[in-house]
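Beneath this line is the structure, given in structure tokens, with notes to follow.
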Amino acid sequence: MKIGVAQVPSLKGDVASNIKTHISAIELAIELGISYLVFPELSLTGYEPELCKGLAFELNDRRLEPIKQLLANRELTVCVGAPLRTEAHPAIGAMILPSKGQTQVYTKMHLHSGEDEYFSAGADYHFISIGGKTVANAICADTNETSHARYCLTNGASVYMAGVLITKSGYDADTSALRGYSSDFNALVAMANHNAPSGGYHPCGKSAIWYQGKLIATANETDSALVIAEYNSEKWEGNIVRI
């Protein structure tokens, strides 16, 4: 079993171009035999709060068709970041696209300060079974709330994966928390970060995976890459492949 996170840039509001970037990463993931691939927060639109209402996705949005067609009959499920339409503000969503079956969604439960001006908070945790393991999904500020990881990792999940936007100033604190979850709960923890400016922020890349408190793989600040964990002989091993 292999899981991965995709470190990729997102162009401001350019969904069509961003889908092409996603497809390049997904094609590589298929070639590498990855089972589950997670992209950064709001990866399909960029982190652009002012634009998200106009760009919001529906559950069966036609803009996702190129990705769905690529996944058809493959052994890969992908989790892309997108604003999701609601009756109020859009939600910050993770859209889980399996090779077979219906699209699933997770919506960010814990918003950063100021995000509630543009976004609605989600209310439900999300788990998915991949290769016989239960994976819990998270988005950025969810990981700053210990209660979120604790709930997921004490209710059946052994893998905790997040799409994020983290800048250099927040990286040490945020990744210290993620590393701590992997140690405290004997879990695999992974995060996918942007590697180019978005929404006035300057994300610092360095997407990473930890297992039992140890960093097993990390990208650099600028490369587009897949950060991968493979389960072999009762343990996880890490790898990096540039896109």
>> In whole Hz and in residue order, list the ³J(HN,Hα) couplings for region 212-225 that follow from phi through the Karplus curve 6.51 cos²θ - 1.76 cosθ + 1.60, θ = phi - 60°; x for Gly and Pro.
In response: 6, x, 10, 6, 10, 6, 8, 7, 8, 6, 10, 5, 7, 7
>> Could you order the peptides 221-227, 199-205, 72-78 from most to least packed, using the average number of other C-beta atoms within 10 Å per residue?
In response: 221-227, 199-205, 72-78
> Which value in nm describes the separation of the simple spin-label points at ASP223 and ALA72, placed 7 Å from the Cα toward the beta carbon?
Replying inline: 3.4 nm
> Hey, what do the phi angles of region 190-198 turn into as Karplus ³J(HN,Hα) couplings, whole Hz, using 6.51/-1.76/1.60 and θ = phi - 60°, x for Gly and Pro?
Replying inline: 9, 9, 10, 10, 5, 10, 8, x, 7
> Along region 85-100, what does the Karplus equation 6.51 cos²θ - 1.76 cosθ + 1.60 (θ = phi - 60°) give for ³J(HN,Hα), rounded to whole Hz, x for Gly and Pro?
Replying inline: 5, 9, 5, 9, 5, x, 9, 7, x, 10, 9, 9, 10, x, 5, 9
>> Going by average Cβ density within 10 Å per residue, which order do the peptides 35-43, 129-137 take, highest to lowest?
In response: 35-43, 129-137
> Where does the chain land at 222 nm, in deg cm²/dmol rounded to the nearest 500, when only DSSP H runs of n ≥ 4 count, each adding -39500 (n - 2.57), divided by all residues?
Replying inline: -7000 deg cm²/dmol
>> Report the gain in length on full extension from ALA177 to TYR151: 0.36 nm times residue separation, minus Cα-Cα distance, nm rounded to one decimal.
In response: 7.9 nm
> Label ASP184 and ASN232 with points 7 Å out from Cα along Cα→Cβ: what is the distance between them in nm?
Replying inline: 3.2 nm
> Rounded to two decimals, what is Rg over Rh for the chain when you use alpha-carbon atoms and the Kirkwood radius?
Replying inline: 0.92
> Looking at region 2-242, what % of its DSSP beta bridges pair antiparallel, to the nearest 5?
Replying inline: 70 percent
> Of the cross-linked pairs LYS12/LYS108; LYS100/LYS214; LYS20/LYS53, which ones have a Cα-Cα span greater than 24 Å in the structure shown?
Replying inline: LYS100/LYS214
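Every number here is computed from the coordinates shown, using simple stated rules; none is lab data. This is a predicted model, so every value here is computed, not measured. So basically every Cβ, Gly included, is an ideal-geometry build from the backbone, and we count neighbours across all protein chains shown.
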